[in-house]
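Asks: One structure is given below, represented as C-alpha cells, and several questions about it will come after.
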Amino acid sequence: MMEIISRGVSKGYLLKERLFKKKKISVLENVDLLIKQGEIIAVLGDAKGGKSTLVNLLCGKCKPDEGEILINGSKDINSLRANCVVVDELDNR
C-alpha cells in the first residue's frame, strides 16, 4: 500500500528587493501530510499560498528547505512518478 508522508516540510524562496539585496519569503511552514493509496486530494487556497510549491515538493520537482517527504517510508521520490497524476490549473470557462 502506497503512502506519501510529509513531516515538518518548509520551503522558501529568495526574492530580489533591490540590485544587491535579497529577501527570503517563506511559502510553506511545518507542513505535515499523509496521503494513502487510492485517495484523491485537491489542494485549494489563496493565490500565492503555496499550492504549486506543495505539489512540486510532493512530486520531487524541488526539495524542502526543512523536513522530509517519504514515499512508503523511503526518501526516494522517483518511485512516486510512475504512480501519480497531477492535474494543474483547470480552466472551467
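The values are calculated or read from the model by the stated rules, or taken from the named source; none is laboratory data. This structure is a prediction, so every number in the text was calculated from the model and none was measured. A quick note on method: Cβ atoms are made from the backbone with ideal geometry, for glycine too, and the neighbour counts reach across all protein chains shown. Ligands, DNA and RNA are stripped out before the accessible areas are found, and what is left, the full protein with its side chains, is counted by its heavy atoms. Shrake-Rupley method; radii C 1.70, N 1.55, O 1.52, S 1.80 Å.
Asks: Could you run through region 20-51 and say how many residues are within 15 Å of ASP65 (Cβ to Cβ), of a type outside the set (A, V, I, L, M) and open to solvent by less than 90 Å² (accessible area, probe 1.4 Å)?
Replies: Count: 2.
Asks: Quickly run through region 1-19 and pick out the residues that are open to solvent by 70 Å² or more (accessible area, probe 1.4 Å) and in a loop (DSSP other than H, G, I, E, B).
Replies: MET1, GLU17, ARG18, LEU19
Asks: Filter region 52-80 for residues that are touching a residue at least 24 places away in the same chain (Cβ under 8 Å) and of a type in the set (S, T, N, Q); which is most open to solvent (accessible area, probe 1.4 Å)?
Replies: Selected residue: ASN72.
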